[in-house]
Structure formats: structure tokens, C-alpha cells
Amino acid sequence: MEGINSQVIILVLLMVMSGYFSATETAFSGVNKIRLKNMASDGNKKASRALKLTENFDNLLSTVLVGNNIVNIAASSIATVVFTSMFGDAGVTVSTFIMTVLVLIFGEITPKSLAKEAPESFAMFASSFIYILSKILTPINWLFAQWKKAVVKIFHVKGGSAITDDELITIVDEAQNEGGIGENQGELIRSAIEFNDLEVIHILTPRVDILAAEVSTPPEKFASIFKNNHYSRIPVYKGTIDNIIGVLHERDFYEKMYFDKTINIESMLISVEYIPKNTKISELLRIFQHARCHMAVVIDEFGGTVGIITMEDILEELVGEIWDENDEIIKEIEPCDDGGYIVSGVASLSKVFDIMNIDEDEETEAVTISGWLTERMGKIPSVGEGIDFNGFRISVSEATPKRVVYVKIIKTAEDNSAED
């Protein structure tokens, strides 16, 4: 009887170790390395040790699995001996049933569920013993490492690629949904991730909306433009707007005008950068920093003016619209009482589709909803005209002979792509 008691005690200890190894596997599989790095940088030695173990995850996993299998096999063997001595030949069946239940509940499900809730805490708790065990099992781990290399070569298994921008955005979305970061923080991070891929064509002020003046314009007219429009900089062209020669700064204009009534506008112009429309805004930001300017002219392949872009346009892509006390606040996407939206014609096509969960039209080259609608219809649509696209009715609510000003978007009962 005394022998059975000692075997039961050993069996209990083995079950505890089985739960320990299972919890350790789950903890290190789901641990947040960034969180561990932060704690390690603050001087947490356990976090530093746990982080070191994660850096060689194959070795860690091999150690945990070897340890887990040893204790599970040992526990099954001892349980078979105990139950055989108690029930005879039926003991094998009883042992199999009871050990299956015990291993599932106390060796797998319960410890893994607990470790999943606090992976960093358990990883740090387990790191000391696992570190020592990994040293003891070094020869076995080495053999398994060689076996893994052989299997990878035989089956031509390719390693996972580096994390993509889409995966990063998914991580941010999950962190926001779980309450780890706020909505504003999430939006800022997503904007920063997408920042490198965005081209100036998507955020520029188009040619038709540029407020510019001819270099021969009288000074009093420039004064009127500054006063009535509240801009601090005005592009200045010679002949046509396709020949923008510089930017006139309001401060320089009034300082010069105060001392000299016969001012020469061209002499006060600040040089302007010329960039192609496919320039990345991340690259343009570096151009602005190097040239110490705040405005660039976007040109097409023939040297004509496509639009202008400013430092403020770039910043707004990161932090959202920036309004000052003189700006008229304009919402590009405005919800309606009927569940639809009124959308400005110059609103970004990708942003509109993203907000409304509409599948993007991958064949289009348009960057605004106005351009896309015109492209789809093959003409500049009039008020009331529109199309059905991916379950939405997209129609013109305001337009000029040259372009669409506002569109109405509302979900329809049927999903089709028939055009008017």
C-alpha cells in the first residue's frame, strides 16, 4: 500500500509538470515580444531571459515537447501499474480512460487556457526552469534541429516572409477592437503605415481648384487675394498656369509693400519644386525638408500643371483635416437620414470605398469619386445620372459642365453593375 501511495504522489507531480509544459508552450507561442522587450529594457531579468528563449523558438519548442512527452509517458506508465495492481487486467482500460481525462483537463485544456490569458507573465515565470532544461537537453535539441533541416529540404518548405503592411494594419485593428489602443491612435498608426505607398496624385489640389495669379498682376490685386482668401502663399505663373515660376509669401509681400510702393513681384518669389504625379508623399516630405519649402507643383509627362501640393496636405494624411479659424469646414463624406451619403466629388475614391465597405474597382486609374464616375460612364454625368455598383446606387446630386461636385451614395436591394 505504501508503494501505491508513493506512486500516486509521483503521478500527481507528473500531471503538474504536464500542465506546466503545456502552459509554457502556449505562453511562449502567444507571447508579445514587444512587451517583453519593453520590460527587459526596464531591467526585468525574467523578461530578458524569456525574450532570449523566444529568439531561438525551435530550441525552446523542442525542449518543451520533449519534457511534456517524457512526463506524459511516465505518468501513463505509472498509472497503468497503479490501476493494474488495483483492478487486475481491467486496470489497463481503467488507466487509459482516467489518464485521458486527466491529461485533457489538467495537462492540456486548463493550463493552456490560463497561459493564454497572461502569456507574458507565465513565460517569465517558466523561463528559469526551461532555460536550465534546454541546456540539459542540448544534444537532443541539436538532433531535432538537424532532423528539421532535413525535412525542410525534402519537402521544399519555404520560411514565412516578413510581415506585410496589410498584416500590420490587421494587428492595429485587433488592438483597437480589444481596447489596447484608442480610435485616434489606431487611425494615426494606419495612416503612418500607408504613408509610404501614397502618391501625391491622391492628395493634391487639382489644377481647376488652384488659386494662382499672373506675375504681372498689380500689387493691389495681390493684396486683395491675400485678404479675401486667407492664404499665406500664392502660386505665381507667367503666361499660363502651366508655367508656375514661384510662390509669393504673404509676409514677404506686405513687408516689401510697406517700404516700397513700386515693388517687383517676380523678385519676391520663392522658388518652387516640380514633381511628377507618381511621387510618393514620403519622398516629397524629404524634398520639402531638403529644399526648405512648403509647396510643390505637380506636373504631367508634358510639363503641364496637374495641381499643387503643400506640407499641410501631407500632414493631413497623417493626422486628419487641419482647419484654422478662417477655413470653411467641408466634410467630404456626410451621412444622410436615409442611410446614404453625400460625397464630395474630390473625395478620395479609396477612402470612400473603404468607409462604406465597397469592394474597390481594381481596373480604374481614377483617384477621386468624380473621376471614377466619369470614367465608368464615359462622359461627365449630369445631375440625377449615375450607376449601380456592388450593391450601391451612386448618382450625381450636383455638377457643373466640367465635373461632378457632389454624389449621392445609397445601398440598393440588388447587387449589379448595370449603367444608365
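The values are calculated or read from the model by the stated rules, or taken from the named source; none is laboratory data. Only a predicted model underlies this, so the values are computations on that prediction, with no experimental measurement involved. Cβ placement follows ideal geometry from the backbone for every residue including glycine, while neighbour counts extend to all protein chains displayed. Side chains included, ligands, DNA and RNA excluded: accessible areas come from the protein's heavy atoms. Shrake-Rupley method; radii C 1.70, N 1.55, O 1.52, S 1.80 Å.
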Under the Karplus curve 6.51 cos²θ - 1.76 cosθ + 1.60, θ = phi - 60°, whole-Hz ³J(HN,Hα) for the stretch 232-244, x wherever Gly or Pro sits: 8, 9, 10, x, 10, 10, 10, x, 10, 5, 6, 10, 6
Give the relative contact order (percent, whole number) for the chain; include only Cα pairs under 8 Å separated by 6+ residues. 10 percent
Of [x] 61, 55, 44; [y] 84, 46, 41; [z] 113, 56, 45, the label for Cα extents along the principal axes in Å derived from the coordinates: [z]
With only helices counted (DSSP H, runs n ≥ 4, each -39500 (n - 2.57)), the per-residue ellipticity at 222 nm for the chain, to the nearest 500, works out to -16500 deg cm²/dmol
Tell me which residues come under 5 Å, amide H to amide H, from T368 once H is placed; ignore anything under 5 positions away on its chain. L349
Contour minus Cα-Cα span, L168 to N228, at 0.36 nm per residue, comes to 17.1 nm
Percent relative contact order for the stretch 205-267, counting Cα pairs under 8 Å at least six residues apart, stands at 30 percent
Under the rule of at least 5 residues apart or a separate chain, name every residue whose amide H is placed under 5 Å from the amide H of T412. F392, R393
Check V306: other-chain or 5+ apart residues with amide H under 5 Å from its amide H, H built from backbone geometry? V298, I299, D300
What lysines sit close enough to K52 to cross-link, taking a C-alpha to C-alpha distance under 25 Å and skipping anything fewer than 8 places away on the same chain? K33, K37, K112, K116, K135, K148, K149, K158
When the chain is fully extended, how far beyond the present Cα-Cα distance does A175 get from I342, taking 0.36 nm per residue of separation? 57.0 nm
Got a number for carbon plus sulfur as a percent of the chain's accessible area, 1.4 Å probe? 56 percent
Stretched out fully, how many nm does the piece from V8 to K280 gain, at 0.36 nm a residue minus the Cα gap? 91.0 nm
Packing-based ranking, highest mean first, of 216-222, 345-351 given that Cβ atoms within 10 Å are counted: 345-351, 216-222
In whole Hz, what ³J(HN,Hα) sequence does the stretch 27-38 give by Karplus (6.51, -1.76, 1.60; θ = phi - 60°), x for Gly and Pro? 4, 6, 6, x, 5, 8, 5, 5, 5, 5, 4, 5
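In what sequence, highest mean first, do 51-64, 118-131 appear when ranked by Cβ atoms within 10 angstrom? Mind dumping the intermediate values first?
On the way: 51-64: 17.9, 118-131: 19.5.
Ranking, from highest mean packing down: 118-131, 51-64.
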Quick one: accessible area per residue over the chain, 1.4 Å probe, rounded to a whole number of Å²? 61 Å²
Over the stretch 1-130, what is the relative contact order in percent, taking alpha-carbon pairs closer than 8 angstrom and at least six residues apart? 46 percent
What lysines could a cross-link reach from K238, if we take a straight Cα to Cα line under 24 Å and drop same-chain neighbours fewer than 8 places away? K221, K227, K256, K261, K277
Simple SL model, points at 7 angstrom along Cα→Cβ for A192 and V152; separation in nm is 3.2 nm
